[in-house]
Structures are given as structure tokens and as C-alpha cells.
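The values are calculated or read from the model by the stated rules, or taken from the named source; none is laboratory data. Just so it is clear, the structure is predicted and the values come from calculations on it, not from any experiment. Using ideal geometry, Cβ is built from the backbone for each residue, glycine included, and neighbour counts are taken over all protein chains shown. In case anyone asks, the SASA skips ligands and DNA or RNA and just uses the protein heavy atoms, side chains included. Shrake-Rupley method; radii C 1.70, N 1.55, O 1.52, S 1.80 Å.
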Amino acid sequence: MSQPDLSTLFRVFGRIGLISFGGPAGQIALMHRELVEERQWVEEGAFLRALNVCHLLPGPEAQQLATWIGWRMHGTIGGLVCGLLFVLPGAAIMLGLSMLYAFAADLKPVAALFLGIKAAVLAIVVQALIRIARRALDSGFKRALAFAAFLALFLFNLPFPLVVLGSGAIGFLLARVRPDWLHAHGKAASDAPVGPLPWAQTLRSIAIWIAIWAAPMLAILLALGPDHVLWKIGVFFSQLAVVTFGGAYAVLAYMAQEAVQSMHWLSAGEMTDGLGLAETTPGPLILVTQFVGFLGAFRAPAPFTPLVAGLLGGLLTTWVTFAPCFLWIFSVAPWMERLERAPRLQGALAALTAAIVGVIGNLTVWFALHVLFMRGERVAAGPVRLWWPDWTSLDWRIAAIALGAALLIFVAKR
């Protein structure tokens, strides 16, 4: 495998950051083509093993994978270059679009624009589900596990961390007795590296990045107090950064429910508009959190103007969303060579990756129901809990545009 210099790495990831559309499925495919197939900077097996570890970590897996690739080539500096370049172009665009939305969303031409975006995003999310399923579900057991994860979330409303970590536990146990069910990408344990364990490096990374993560929150607490909307935004998205296993698709339903129903920062329709904006910009789909943070602060601005409060809310959300990603990667990366040779852990990662497909399937159905239908109700029957649409409220305009987008994606291959 060839190793690029830092300037080459900067140019390549600057380009990736500008063209990384399509959510995690498209972004991972883009990095695989650019870095594994064309430039051969990363070996195929190492890429897949790192991707599985990133699925296990909370946060956007594609951004964390980019950070790991940079760390592998040029240490902490390389990780910062790749991780930041993967995020910053999309974050800047998303912040600008959030400002436009806050001031112009009630205008009819802008409303019509977002109507079309929401419809097209529905087809894009379906495409992402199909792509990830094809790559991840390479055995009958994995397909069954993905379906079980979907049912656990969609019908029984089980806690998301329980579904994900439970799947990992199943893979951990099966790795010893039926490894052929999992098709994990591990290495032989006999090739394990020798030398001192990297505890000092890991503890140093944890201390530095916790301080970076907490710095703006401490400033807000001292200046504005715990009742200010910026503090609440920072706390909510900091908590989300710890439990968002499986990336933005996996956590979107939970985030939308809390932001809309509990925090009242925006409406369900505005939430789908935000997802549409995130889908139309490069970078991680989790940048939709910036849109939520912007609107939440924009609508409770005191003592700032609405624009200043919105900017602070959006920037704070981005900070507390992505600072933990660097914490996880820089803490775990020194152990990667050893983790690659732990068969049971690789089994857990393979099972977790399969469950994530079910999680994304749950999001796809949730998103489709809320985009296509204007009304619905919660239905409960024993342990079953689901959102059932009012079929008379189907918006034929969105359905027609979504169908056209699906034809362009799946038939015309656009």
C-alpha cells in the first residue's frame, strides 16, 4: 500500500468533502473507490474492519472512517485533516441554507422547493437502504438479524441502544460456535502485534478531547445559565453524540421525536425539510442536527438577535456533534491492530452491521409515512406500538415526485 504525503491527503479529502453526497452509503462507496480501488492507500480488509468498528462507535460512521484513514497515514494531524475536510464544506453550506430557511420558508416558491426536495429524498433514502443491505447482508443469519432489528424498532418500539448492543452480544457469542454465519473480516490471532499496550496515548486523547468537547458548554453555563436554549441544545446533542450508534439514519427517528414533541424546537414538517437540506449537501447526513440547533435557538434568541442566536445554536450543535467523533477515533485507533485480531469482537461487529440495516429500514418506513401522509395516529395493541397513516391524507403531489425520482435513480441510473 502506498502512503501519500500530507499535502496530497489534504487535496484528496478536500475533493471528497465537496462531492460526498448521498449519505453514508454513498460516502463510504466514494472513499472505497478513491482510497482502496484507485489509489490503493488502504487495504480492502483493513477498510472493512475499520468500518465495522466505526459502526460500533456512536456518531457518523463515514466521518469517523475518514478520520481513521487520516490517522493511519499521518497520525493525529492526518486524522484532523481528513475528519475536518469531510465535514466543513457541508457544514458551511448547511448553515447558509438554515439561515435561508429561517427567513424564507414561509414564502410560496421556497415552500414548493422543499416540497420537491422532501419527495426526492424519499427515493434517495430507499436507495441508501438497498446499497447498504447489499454490502452488509451476505448471509442468511445477517438477513434474519436485520429483519428482527427492524421489527423490534418499528413494531415494538424497543430502545435503540438495546437493539444495537443486543445484536452485538449475539454476534460475540456466535463468533465462537458458528463463525460462518457472520462472515466477519478479522485477521488471524497469531499475527497479533507485540509491544506495550497504548494506554498512555489513549488516556491523553480522552483527556484532551473531553476538554475540547466541554469548553463551549462551560462558557454557556457561566454566561447564560442552565435555563438558556443554547445550554439545552448543547446538552441534548452532546447526549445524542454518545448514543447515536449506526450514524444519522439510525438515530434520526429518535432525534426527530425529541426535537419536535419534547423540545418543540420545530415541527415534524420542518424536520423533514431539514433532512431534505442535509441530503442535498455534501458531508455527513448528521449535519441535519445543525439545522435543528439553528431553528431552536433562532426562535428563542434572547439576549441575542434571532440571527446571532441561530448561528450560535448551529455552530454549537456542530461542535458537540463532531468533537466526540475525534475523541472516539483517536482513543480507539491505537488499539485497532489488536481489535482486528479478536475473533469474538469481529463477530460482534459483523452482527451489529447487520442490525444497522434493520435500523435504517425502520427509518425509511418512518420517513415515508411522514412525507407521504399529512395525518396519522399512534396505534397500540398489546406490546405493538406503531404510527398508522390516515390513508385519505395521502399527498399525491409528493407521491408523484417521489415516483419520478425513483424512476430516475433506479431505472435511468441518474
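Do you know the relative contact order of the range 29-92, to the nearest whole percent, from alpha carbon pairs under 8 angstrom that are 6+ apart? Could you put the intermediate results ahead of the total?
Details: 51 pairs, mean separation 12.3, N = 64.
Reported as a whole number, the value is 19 percent.
Tell me, what are the semi-axes, in whole angstrom and largest first, of the equivalent ellipsoid of the range 57-138 as set by the roots of 5 times the Cα gyration tensor eigenvalues? Please report the intermediate quantities before stating the final value.
On the way: eigenvalues 202, 94, 11 Å².
After scaling each eigenvalue by five and taking roots: 32, 22, 7 Å.
Using the charge dipole of the range 192-335 (Lys, Arg: +1 at Cβ; Asp, Glu: -1 at Cβ; taken about the Cα centre), state which of Ser238, Ile212, Met271 has its Cα farthest towards the positive end.
Selected residue: Ile212.
When you count, for each residue, the other Cβ atoms within 10 Å and take the mean per peptide, how do 260-273, 352-365, 390-403, 286-299 rank with the highest first?
Going by the mean number of other Cβ atoms within 10 Å, highest first, we get 286-299, 352-365, 260-273, 390-403.
Let me spell out the model: positive unit charges on the Cβ of Lys and Arg, negative unit charges on the Cβ of Asp and Glu, origin at the Cα centre of the range 310-389. What dipole size does that give, in debye rounded to 20? Can you show the working numbers first?
On the way: 6 positive and 3 negative charges, 38 e Å.
The dipole of the range 310-389 has a size of about 180 debye.
Give me the accessible area per residue for the range 1-122, probe 1.4 Å, as a whole number in Å². Don't skip to the end; give the middle numbers.
On the way: 4650 Å² over 122 residues.
Spelled out: the 1.4 Å probe surface of the range 1-122, per residue, equals 38 Å².
Using the per-residue mean of other Cβ atoms lying within 10 Å as a proxy for protection, in what order, highest first, do the peptides 138-144, 5-11, 65-71 fall?
Final packing ranking: 65-71, 138-144, 5-11.
Which length gain, in nm to one decimal place, applies between Leu403 and Val177 when the Cα-Cα distance is subtracted from 0.36 nm times their residue separation? Don't jump to the answer; show the numbers that get you there.
On the way: separation 226, 0.36 × 226 = 81.36 nm, distance 4.53 nm.
Gain in length upon complete extension: 76.8 nm.
Once Rh is set to the Kirkwood radius over Cα pairs, what Stokes-Einstein translational diffusion coefficient, in µm²/s, holds for the chain at a temperature of 10 °C and a viscosity of 1.306 mPa s? Intermediate values should be presented prior to the final figure.
Numbers: Rh = 22.1 Å.
Answer, rounded: 72 µm²/s.
What area, in nm² and to one decimal, does the C-alpha convex hull of the range 20-80 cast on average over all directions? Before the final figure, lay out the partial values.
Working: hull surface 15.7 nm².
That works out to 3.9 nm², a quarter of the Cα hull's surface.
Roughly what % of Cα-Cα distances in the range 1-104 sit above 15 Å, to the whole percent? If you can, show how the numbers build up before the last one.
Details: 3313 of 5356 pairs.
When every Cα pair of the range 1-104 is considered, 62 percent fall beyond 15 Å.
Taking a temperature of 20 °C and a viscosity of 1.002 mPa s, what whole-number D in µm²/s does Stokes-Einstein yield for the range 1-51 with Rh from Kirkwood over alpha carbon pairs? Write down the numbers at each step before the final one.
Working: Rh = 11.4 Å.
Roughly 188 µm²/s, to the nearest whole number.
What value, in deg cm²/dmol to 500, does the helix sum -39500 (n - 2.57) over DSSP H runs of n ≥ 4 give at 222 nm once divided by the residues of the chain?
Working: 16 runs with 289 residues, N = 414.
Calculated from helices alone, the mean residue ellipticity at 222 nm is -23500 deg cm²/dmol.
Express in nm, to one decimal, how much length is gained between Ala381 and Ala169 on full extension, taking 0.36 nm for each residue of separation and deducting their alpha carbon distance. Could the numbers behind the result be given before it?
On the way: separation 212, 0.36 × 212 = 76.32 nm, distance 2.91 nm.
Full extension of this stretch gives 73.4 nm more.
Putting +1 on Lys and Arg Cβ atoms and -1 on Asp and Glu Cβ atoms, find which of Thr76, Cys54, Ala152 reaches farthest to the positive end of the dipole of the chain.
Ala152
If you find the alpha carbon centre of the range 303-318 and of the range 2-75, how far apart are they in angstrom?
Here the answer is 31 Å between Cα centres.
Compare the Cα positions of Thr321, Gly358, Trp388 along the charge dipole of the range 296-414 (+1 at Cβ of Lys, Arg; -1 at Cβ of Asp, Glu; about the Cα centre) and return the one farthest towards the positive end.
Most positive-ward Cα: Gly358.
Dipole of the range 373-414, Cα-centred, from +1 at each Lys and Arg C-beta and -1 at each Asp and Glu C-beta, to the nearest 20 debye?
The calculation lands at about 200 debye.
Suppose every Lys and Arg Cβ carries +1 and every Asp and Glu Cβ carries -1, with no other charges. What dipole size does the chain come out with about its Cα centre, to the nearest 20 debye? Could the numbers behind the result be given before it?
Numbers: 28 positive and 21 negative charges, 103 e Å.
For the chain, the charge dipole is close to 500 debye.
Using 0.36 nm per residue of separation minus the Cα-Cα distance, give me the extension gain between Arg204 and Ser139 in nm, one decimal. Please list the in-between numbers first.
Details: separation 65, 0.36 × 65 = 23.40 nm, distance 4.01 nm.
Additional length available on full extension: 19.4 nm.
For the chain, what's the relative contact order in percent, using C-alpha pairs closer than 8 Å and at least 6 residues apart? Walk me through the numbers on the way to the answer.
On the way: 639 pairs, mean separation 122.0, N = 414.
Relative contact order, the chain: 29 percent.
Counting other Cβ atoms within 10 Å of each Cβ, which GluC sites (Glu not before Pro) in the range 12-106 have at most 15 and sit in a DSSP loop?
Working: sites: Glu34, Glu37, Glu38, Glu43, Glu44, Glu61; in loops: Glu43.
Taking the range 12-106 and a limit of 15 other Cβ atoms within 10 Å, the loop GluC sites (Glu not before Pro) found are Glu43.
If I histogram all Cα-Cα distances within the range 283-414 using bins 10 Å wide from 0, what percent of pairs lands in each bin?
Calculated over all Cα pairs of the range 283-414, the distribution is 10, 18, 27, 29, 14, 1 percent.
For the chain, which whole percent of the accessible surface, found with a 1.4 angstrom probe, sits on carbon and sulfur atoms? Working shown, then result.
Working: 12360 of 17930 Å².
Carbon-and-sulfur percentage of accessible area, whole number: 69.
Could you please report the charge total around Ile401, scoring K, R as +1 and D, E as -1 over all other residues with beta-carbon less than 11 angstrom from its beta-carbon?
Working: positive: Lys118, Arg397; negative: Asp395.
That sum, taken over residues with Cβ under 11 Å, equals +1.
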